[in-house]
Amino acid sequence: MPYGRYVNSKFSICVAAKYRFQKCALFSDFLSFCFHREWFFYLSHEMLNPMYCLFEYAGNNYNLQINPGSGVNPEHINYFRFVGRVIAMALYHGKFIDNGFSLPFYKQMLGKPLALADMEATDSEFHNSLLWIKENNIEECGLELFYTVDNEIFGELKSYDLKPGGADIQVTEENKMEYIQLMVEWRFNRGVEDQKKAFLDGFQEIVPLHWLQYFDERELELMLVGMQDFDMEDWEKNTIYKKYTRNTKQVQWFWQVHICGRCINTTSVCMYV
């Protein structure tokens with residue numbers, strides 16, 4: 001069985017084993033006309049657009065994370081709750097969204113602890129700094145660090161204690177692993193605790209979070225955004241044609257464009273397949 005179908009079947013079993021969505025049922029009939037993949041795709045495209053300051057790109061891979069500066073919109077908490085509901089509805093109906101979140105964000109949805117390695121793809125400079133501290137003797141280097149961190153938002157610089165009294169606790173070789181872990185947790189939670197809670201509250205109004213305990217972060221990503229890397233030759237080899245054949249001129253053009261890499265967004269094309 002293909003991996004994607006296996007993951008989806010796991011989720012279907014979880015849904016079938018639980019009670020039906022009572023809250024969702026009240027308005028599912030009203031929205032049934034628009035429960036199509038295009039509707040979820042284009043709605044998520046607008047909701048997750050970084051231009052609206054709710055989300056931002058995490059690193060250089062175009063995956064998304066919550067924007068700490070989303071508070072520029074006074075209604076941002078309500079928006080995050082709404083986004084959580086829509087994402088859960090897409091998951092329940094087996095529809096894909098336009099863009100996915102970073103793997104650390106999926107881990108947070110699943111309630112899994114974050115590690116230093118999770119930061120490599122989202123903030124390479126921050127990751128390398130902490131990795132240097134981990135691999136070197138900071139006492140021999142004369143590096144003076146304390147359990148505090150500075151963060152600047154909209155030109156305002158604030159200092160935060162990583163633990164109570166952190167400003168007076170110096171980092172040593174003995175406690176540096178605790179310091180690194182606290183820095184990782186702060187990096188992924190800085191200024192986004194309320195937004196993340198609103199998102200998860202909205203999400204579990206539709207899909208209880210404990211239903212996701214059977215999945216890991218990559219499986220959750222697969223269910224929400226599908227496969228991002230396509231084996232075009234395998235796709236061509238296993239395609240079943242109706243009213244067309246492999247030798248039809250238009251079919252040959254289609255494969256020539258995609259296999260040669262001339263298509264800009266293969267994921268969007270797959271939405272209509």
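The values are calculated or read from the model by the stated rules, or taken from the named source; none is laboratory data. Keep in mind it's a predicted model, so treat the numbers as computed, not measured. Note that we place each Cβ from the backbone using ideal geometry, even for glycine, and neighbour counts take in every protein chain shown. Ligands, DNA and RNA are excluded from the accessible area calculation, which covers all protein heavy atoms including side chains. Shrake-Rupley method; radii C 1.70, N 1.55, O 1.52, S 1.80 Å.
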Candidates 145, 157, 162, filtered to the one that is among the aliphatic types (A, V, I, L, M) and loosely packed, with under 15 Cβ neighbours inside 10 Å: 157
Show the residue pairs that are 6+ apart or on different chains and have beta-carbon atoms under 8 Å apart, the first residue being within region 36-52 and under 13 Å from residue 83 (Cα atoms) and touching a residue at least 40 places away in the same chain (Cβ under 8 Å), the second being surrounded by 15 or more Cβ atoms within 10 Å (Cβ to Cβ) and among the small types (Gly, Ala, Ser). 40/90; 44/90
Failed criterion for residue 77 (all others in (1) open to solvent by 40 Å² or more (accessible area, probe 1.4 Å); (2) within 21 Å of residue 216 (Cβ to Cβ); (3) touching a residue at least 24 places away in the same chain (Cβ under 8 Å); (4) assigned to a helix (DSSP H, G or I) hold): (2)
Consider region 171-205. How many of its residues are open to solvent by less than 60 Å² (accessible area, probe 1.4 Å), part of a helix (DSSP H, G or I), in contact (Cβ under 8 Å) with a residue 24 or more places away in the chain and polar (S, T, N, Q)? 1
Going by the conditions given, is residue 134 basic (Lys, Arg), open to solvent by 80 Å² or more (accessible area, probe 1.4 Å), without any contact (Cβ under 8 Å) to a residue 60 or more places away in the chain and closer than 30 Å to residue 70 by Cα? no
Which one is farthest from residue 108 (Cα to Cα) among residues in region 43-58 that are in a loop (DSSP other than H, G, I, E, B) and touching a strand residue (DSSP E or B) at 6+ places or on another chain (Cβ under 9 Å)? 49
